[in-house]
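Working notes for the structure below.
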Amino acid sequence: MHLMLMGGLLGSDARLAEREDGWQIIGDPTEGALVVAAAKTGLRKADLEQDHPRLAEIPFDSGRKMMTTFYEIDDTIYSYTKGAPDLLVARCTKIAKGSGFESLTPDVREQLLDINSKLASSGERVLALAVRQWQRVPGNPQPENVETEMTFIGYFSMIDPARPEVKDAVETSRHAGIRTVMITGDHRDTAVAIASELGIWQEGDHALIGEQLQKMDEEELKQAVTYTKVFARVSPEDKLRIVKALKSYDHVVAMTGDGVNDAPALKRADIGVAMGITGTEVTKEASDMVLMDDNYATIVSAVQEGRTIYSNIRKSIHYLLSCNIGEIITIFTAILFGMGSPLTAIQILWLNLVTDGLPALALGVDPPENGVMDQRPRKANEGVLSGSIGINILWQGTLIGLLALGIYWLALSWGRTLPEAHTMAFTTMALLQLVHSFNARSMNLSLFKIGLGTNRSLIYAFLASASLQAAVIFIPFLRGFFDTALLRPSDWAVVIGFSLCIFVVVEIVKQVRAVLAR
């Protein structure tokens with residue numbers, strides 16, 4: 001046990017640092033686990049390396065999946081090699097037993113691999129440790145000369161449980177049309193066990209290892225990525241090929257990674273996501289997004305936030321364009337029929353700055369709609385006016401324009417003065433736009449399902465804009481500035497009634513669409 005812990009400690013680059021709030025692992029978390037295990041028995045890395053400085057090393061390589069370090073202990077040179085069990089056991093010729101060594105027979109080798117497979121199948125990450133004695137450190141040590149004829153010492157088995165929220169995040173992603181694939185350097189059984197626990201892999205799904213991938217040509221790999229859920233024991237080259245294969249289907253590919261070797265795949269992906277805690281500076285530079293908590297669930301939250309932002313942009317555009325079309329139709333139609341302009345220049349400017357501006361800003365912070373993560377992903381080249389939004393803008397804008405124009409015509413036919421007619425049309429247009437801001441919160445869902453109070457910013461914007469609109473009518477010096485006039489109670493009743501029509505009509509259309517969609 002002492003040899004095992006000391007070998008794992010000396011063969012790791014991670015270290016422990018004492019902070020005010022406790023001990024912190026500096027370096028790779030897997031190596032950090034070995035350092036922590038040794039520290040709990042009293043073996044300190046700094047003390048050991050002070051007495052036994054590292055003489056040479058062969059760094060970890062994702063191709064051979066192991067690393068080797070050289071130390072002199074009790075006048076004897078030792079090389080400690082740790083790495084993937086299935087690869088390292090194959091390079092061992094002896095096994096440590098008791099205080100001595102025995103030949104590693106094929107039967108014993110098979111038993112060791114079975115143990116590794118059982119541990120991996122339970123979701124544990126397994127590292128093997130081997131040792132070899134030397135008379136002196138080889139000059140320019142190479143893996144093919146050093147990592148062979150070793151003595152197997154034992155296994156380190158550890159578990160890094162997924163965070164509780166990850167499984168729910170994977171399920172949410174699936175409903176959102178996002179396919180989650182696990183690509184890892186771990187043993188296949190370990191990867192499948194973890195993927196199964198998280199809901200990524202189910203019985204009957206496919207899992208491939210790097211050795212199988214390397215035998216495939218590009219066309220075969222393109223077929224494989226459509227049905228494979230887990231890729232294990234992969235190299236950086238394999239990751240890059242997988243990303244290219246997925247992108248060949250015009251998928252938007254997001255790739256996560258933390259090591260230097262992940263940088264090419266991160267760069268190649270549409271969205272490279274680096275780990276902010278365990279990730280190297282190289283991966284952070286190569287990525288488009290950095291997770292400060294190294295949590296997959298954060299990616300899903302970012303997707304939801306992105307969908308909400310995009311939806312809110314469409315809502316604001318929908319609202320502004322339909323209101324502007326309404327103003328254009330009102331003015332153009334009235335002038336075309338010789339009725340004069342229903343709105344003065346200052347009134348048009350007021351509508352665009354006040355009654356349009358505040359609600360549009362409030363729509364930009366609208367909370368996520370129910371079911372936003374149940375929608376299918378949109379195409380990358382899809383415009384903001386795609387789908388039925390363009391039709392909605394046209395017919396709703398036309399309705400706003402005709403309602404305001406109708407008020408203006410009624411005012412003139414009732415013998416109202418021109419300032420009164422202008423005020424009625426001006427106020428109706430303002431209230432139509434303010435009421436319509438609630439329609440714009442969803443193209444399909446009724447406001448009663450969304451909830452009137454779920455966007456308080458919009459309520460405040462409505463009240464503020466309505467108050468300002470009332471001010472330019474009831475405050476004398478503002479009346480002169482905006483060419484408005486006091487209205488009769490009966491005129492106010494008509495104005496408010498016409499203003500509510502846009503809400504009633506849009507709600508009816510939404511209900512009809514809902515019935516037809518069933």
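The numbers here are math on the coordinates, done by the rules we state, and not lab data. Owing to the predicted nature of the structure, the values given are computational and were not obtained by experimental measurement. Counting neighbours? That spans all protein chains shown, and the Cβs are built from the backbone with ideal geometry, glycine included.
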Take the cross-link list K239/K284; K167/K239; K65/K94; K40/K167; K118/K167; K118/K229 and give me the ones stretching past 28 Å between alpha-carbons.
K40/K167
Compactness check, the chain: C-alpha Rg relative to the 2.2 N^0.38 Å globular estimate gives 1.46
The helix 296-336 Cα axis meets the longest alpha-carbon principal axis of the chain at an angle in degrees, between 0 and 90 and rounded to 10, of 20 degrees
What's the center-to-center distance, using Cα atoms, between the stretch 170-226 and the stretch 68-93 in Å?
32 Å
Rank the residues D258, D270, D28 as a footprinting-exposure proxy: fewest other Cβ atoms within 10 Å of their Cβ go first.
D270, D28, D258
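Taking 0.36 nm per intervening residue step and subtracting the Cα-Cα distance, what contour gain separates F448 from E18 on full extension?
On the way: separation 430, 0.36 × 430 = 154.80 nm, distance 5.60 nm.
Contour length minus the Cα-Cα distance gives 149.2 nm.
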Relative to the present Cα-Cα distance, how much length would full extension add between H52 and V384 at 0.36 nm per residue of separation?
113.1 nm
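Which percent, nearest 5, of DSSP beta bridges in the chain are antiparallel?
70 percent
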Estimated distance in nm for a label pair at R44 and L402, the labels positioned 7 Å out from Cα along Cα-to-Cβ
8.5 nm
Cut-off under 5 Å, modelled amide H: who pairs with I77 long-range:
W134
Normalise the Debye intensity by I(0) for the stretch 352-459, one equal point scatterer per Cα, no solvent, then take log10 at q = 0.11, 0.14, 0.20, 0.23 Å⁻¹ and round to two decimals.
-0.47, -0.71, -1.15, -1.31
Take E110, E147 and order them by how many other Cβ atoms sit within 10 Å, fewest up front.
E110, E147
Under Stokes-Einstein, with the Kirkwood radius over Cα pairs standing in for Rh, what whole-number D in µm²/s applies to the stretch 164-297 at 37 °C and 0.692 mPa s?
219 µm²/s
Along the dipole axis of the chain (charges at Cβ: +1 for Lys and Arg, -1 for Asp and Glu; origin at the Cα centre), the most positive-end residue among A334, P106, G401 is A334
Report, in whole Å, the centroid distance computed from the Cα atoms of the stretch 104-169 and the stretch 306-335.
63 Å
Full-stretch length increase - S413, V36 - with 0.36 nm per residue and alpha-carbon distance subtracted:
126.9 nm
Search the structure for amide H atoms under 5 Å from the amide H of D294, placed 1.01 Å from N in the peptide plane, and list their residues when 5 or more places away or on another chain.
G276, I277
Could you give me D for the stretch 1-142, from Stokes-Einstein at 25 °C and 0.890 mPa s, where the hydrodynamic radius is the Kirkwood radius over C-alpha pairs? Units µm² s⁻¹, please.
151 µm²/s
Per-residue Cβ contact counts at 10 Å, fewest first, order Y80, Y155 as Y155, Y80
Give the calculated FRET efficiency between S157 and Q511 to the nearest 0.05, with a Förster radius of 45 Å applied to their Cβ-Cβ distance.
0.15
